[in-house]
1. Helix-only estimate, please: 222 nm mean residue ellipticity of the chain, summing -39500 (n - 2.57) across DSSP H runs of length 4 or more and dividing by its residues, to the nearest 500.
2. Treating the beta-carbon of each Lys and Arg as +1 and of each Asp and Glu as -1, no other charges, what is the dipole magnitude of the chain about its Cα centre, to the nearest 20 debye?
3. Please identify, among Tyr54, Tyr160, Tyr151, the residue showing maximal mean-square fluctuation in a Gaussian network model of the chain using a 10 angstrom Cα cutoff.
4. Using a 1.4 angstrom probe, figure out how much accessible area the chain has per residue, in square angstrom, rounded to the nearest whole.
5. Roll a 1.4 angstrom probe over the protein heavy atoms and tell me the percent of accessible area of the stretch 50-209 that is carbon or sulfur.
6. Pull out a ≥ b ≥ c, the square roots of the eigenvalues of the alpha-carbon gyration tensor of the stretch 35-99, then state rounded if a/c is under 1.5, prolate if not and a/b is larger than b/c, and oblate in the remaining case.
7. Cut-off 10 angstrom, C-alpha nodes, Gaussian network model of the chain. Which of Val188, Val26, Val146 fluctuates the most?
8. Compare Cys48, Cys29, Cys136 in a GNM of the chain, Cα atoms joined below 10 Å, and give the one with the largest fluctuation.
Amino acid sequence: MEKHTEHSRVRHSHDERRDEILRAVVAVCAEQGLSRLSVSSVTARVGCTRSLFYHYFPSKEAAFDAALELTIDAFIDRLRAWDRERVRGDIEGALDGISHLLKTLVVETPDLSRSIAADGDAVLYTAFVHRVAERCARFMCETTVVDFSRYHEVLIDHVYETFYILISGLILFIRSHPDVEETAIKDVIASTLHIEGYTEKYPERRPER
């Protein structure tokens with residue numbers, strides 16, 4: 001038992017050093033741009049050796065990819081909090097909440113995704129949006145949609161594909177139209193998912209029980 005505790009303490013320390021490196025990757029990208037990201041720039045910020053960097057990551061690209069995944073994890077954590085805090089049965093309230101969350105995530109974008117957009121790397125940003133949309137769509141299908149289907153009919157086919165297209169499209173739209181009203185985002189989500197009948201705006205479209 002004592003040996004296991006010691007092993008856990010060492011593992012935790014290693015994880016902290018890895019996280020320090022990832023935070024440095026984010027900081028370098030945010031402050032200097034993707035083009036200035038290098039193993040040297042990261043190790044100088046962390047104050048570690050190149051050998052320690054390569055202990056965790058085989059290349060700067062691998063470290064960047066891990067930092068990107070960390071950013072997406074933060075997105076999912078916010079989505080998970082929304083799902084946990086929403087009131088069951090309050091569909092309009094859930095729509096208000098997710099519309100606000102989505103706009104906030106895009107407009108107040110984290111340092112790493114902001115640096116990708118600022119560098120104008122369309123291919124990399126598209127890949128980033130793909131990964132966000134993929135994970136968010138799977139989360140919604142495995143949680144919120146399952147909960148909704150217990151009480152209401154799901155009126156869309158190809159549920160995962162619909163959520164993926166909806167999420168990726170809204171991310172790109174909000175990025176290019178940061179002043180879009182949250183009510184407009186809400187209407188797009190509701191109409192795409194055929195749940196606008198559960199809102200005060202379109203009571204006549206409410207599905208028959």
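1. Counting only the DSSP helices, I get -24000 deg cm²/dmol.
2. 680 debye
3. Tyr151
4. 59 Å²
5. For the stretch 50-209, the apolar C and S fraction of the accessible surface comes to 54 percent.
6. Working: a/c = 4.50, a/b = 3.82, b/c = 1.18.
Here the stretch 35-99 falls in the prolate category.
7. Val146
8. Cys48
The values are calculated or read from the model by the stated rules, or taken from the named source; none is laboratory data. Computed from a predicted model, the values in this text were never measured in an experiment. As a convention, Cβ positions derive from the backbone with ideal geometry for all residues, glycine included, and neighbour counts pool all protein chains shown. The protein model used for the area step is the full one, side chains on, heavy atoms only, and it has no ligands, DNA or RNA in it. Shrake-Rupley method; radii C 1.70, N 1.55, O 1.52, S 1.80 Å.
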